[in-house]
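The values are calculated or read from the model by the stated rules, or taken from the named source; none is laboratory data. These numbers were taken from a predicted model, which means no experiment stands behind them. Cβ coordinates were reconstructed from backbone atoms using ideal geometry, including for glycine residues, and neighbour counts include every protein chain displayed.
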Amino acid sequence: MVLDIVGDVLLGTVLIPYYWLESLVLWLVPLRFQYKDISGQVVLVTGGGSGIGRIMCLRFSRLNCKVVTWDVNAQGNEETVKMIQSEGGTAYAYKVDLCNREEIYETAKRVEKEVGKVTILVNNAGIVTGKRFLECSDDAIQRTMDVNVNAHFWTTKAFLPGMLKRSEGHVVTIASLAGLWGVNRLVDYCASKFAAIGFDEALRTELKMDGHKGIKTTVVCPYFIDTGMFEGVKSRILPILKPEYVVDKIMSGVLSNQEMVIIPGYSSFLLFLKAILPSNGLFKLLQTFGASEAMDEFTGRAKKVL
């Protein structure tokens, strides 16, 4: 027992520097040279009826993937399919209420029967209330948690078994910088995105522990995106992100099997500051960046998917 522990410690001492070196080498290699070929694969995107979900559907189609878009907005969903078909791609639309677990499971069965086995799952759909905590109705909070994180459990449980059977798959979680840093008037949204990041990290750890090397996961943490979902939000220092730029970074991250994609990349330094600053210093930093007042003029569209 003691010898086993000592052996593990020695092995870890040797491997940790090796992994640091490996990461450094990969960081120096342009991502485009690390891209994998996903042509012919079935990609399912939740919230594909608008916003970055629609753009991702188009991008995956241009990589010769069969695209499945899920959205509660049937009209937007069909528009996405028509856009893909007009470019010569293959796409399928399914109207799905992501608050309904049984509907998710039943629709997943239909997809695998009518389209094929899903290889890449992109949990993208999201909503935001944008009110002070005590102004959020119970129903609004429940819906935020259902769409932004609980649905990830049901979609992944539906499609992960097939990925494991084929030893191939990729689960993509579209979270937010708000899942790394609490923001005023986004208590329910931040909580859901913190949970989504935890979901991805724990799932990846479990898959690695169980030896499923063929299954990859990626979590994406963007700043506010100009899709209409955060209409009215103000940013003092960091720029509001353009959807095309965000999707560029997401696609690059997925194709190169990055585990975490923070957008913009330079905002990663905020995590370092969060780790070293005292709570009062952290609060002052939030004020400096305008996070305390960013949502003051928020109007948004509560049912808008990200």
So residue 244 clears everything in (1) farther than 20 Å from residue 175 by Cα; (2) surrounded by fewer than 13 Cβ atoms within 10 Å (Cβ to Cβ) except one condition, right? Which one? (1)
In the stretch 216-233, how many residues are under 16 Å from the mean Cα position of the chain (by Cα) and either within 13 Å of residue 128 (Cα to Cα) or hydrophobic (A, V, I, L, M, F, W, C) (or both)? 7
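Restricted to the stretch 88-147, and to residues that are in a strand (DSSP E or B), in contact with a strand residue (DSSP E or B) (Cβ under 6 Å, 6 or more places away or on another chain) and of a type outside the set (Val, Ile, Thr), which residue is surrounded by the most Cβ atoms within 10 Å (Cβ to Cβ)?
To start, the set of residues in the stretch 88-147 that are in a strand (DSSP E or B) comprises 90-95, 118-123.
Still in the running and in contact with a strand residue (DSSP E or B) (Cβ under 6 Å, 6 or more places away or on another chain): 90-94, 118-123.
Right, trim to of a type outside the set (Val, Ile, Thr) and you get 91-94, 121, 123.
On the way: 91: 26, 92: 19, 93: 23, 94: 20, 121: 26, 123: 30.
My answer is 123.
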Filter the stretch 154-179 down to the residues that are hydroxyl-bearing (Ser, Thr, Tyr) and buried (at least 22 other Cβ atoms within 10 Å of the Cβ), then identify the one that is nearest to the chain's Cα centre (by Cα). 173
Determine which single condition residue 169 fails, assuming it passes every other condition in (1) of a type outside the set (Asp, Glu); (2) modelled with pLDDT of 95 or more; (3) touching a strand residue (DSSP E or B) at 6+ places or on another chain (Cβ under 6 Å); (4) closer than 30 Å to residue 298 by Cβ. (4)
Which of the residues spanning the stretch 65-87 are out of contact with any strand residue (DSSP E or B) (no Cβ under 6 Å at 6 or more places or on another chain) and over 21 Å from residue 148 (Cβ atoms)? 75, 79, 82, 83, 85, 86, 87
Give the residues of the stretch 148-168 that are within 22 Å of residue 260 (Cβ to Cβ) and either basic (Lys, Arg) or touching a Leu at 6+ places or on another chain (Cβ under 7 Å) (or both), sorted by residue number. 151, 155, 156, 159
So, in the stretch 66-116, of the ones that are of a type in the set (Lys, Arg) and either modelled with pLDDT under 95 or closer than 17 Å to residue 157 by Cα (or both), which residue ends up farthest from the chain's Cα centre (by Cα)? 113
So which residues in the stretch 31-88 are touching a residue at least 40 places away in the same chain (Cβ under 8 Å), under 21 Å from residue 168 (Cβ atoms), β-branched (Val, Ile, Thr) and in contact with a Ser or Thr (Cβ under 9 Å, 6 or more places away or on another chain), if there are any at all? 38, 42, 43, 45, 46
Filter the stretch 180-216 down to the residues that are assigned to a loop (DSSP other than H, G, I, E, B) and touching a strand residue (DSSP E or B) at 6+ places or on another chain (Cβ under 8 Å), then identify the one that is surrounded by the most Cβ atoms within 10 Å (Cβ to Cβ). 180
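Is it fair to say residue 38 is in contact with a Cys (Cβ under 7 Å, 6 or more places away or on another chain), surrounded by fewer than 20 Cβ atoms within 10 Å (Cβ to Cβ) and not in a strand (DSSP E or B)?
For residue 38, the condition - in contact with a Cys (Cβ under 7 Å, 6 or more places away or on another chain), surrounded by fewer than 20 Cβ atoms within 10 Å (Cβ to Cβ) and not in a strand (DSSP E or B) - is met.
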Of the conditions (1) more than 27 Å from residue 41 (Cβ to Cβ); (2) crowded, with 19+ Cβ neighbours inside 10 Å; (3) within 15 Å of the chain's Cα centre (by Cα), residue 264 satisfies every one except a single condition; which number is it? (2)
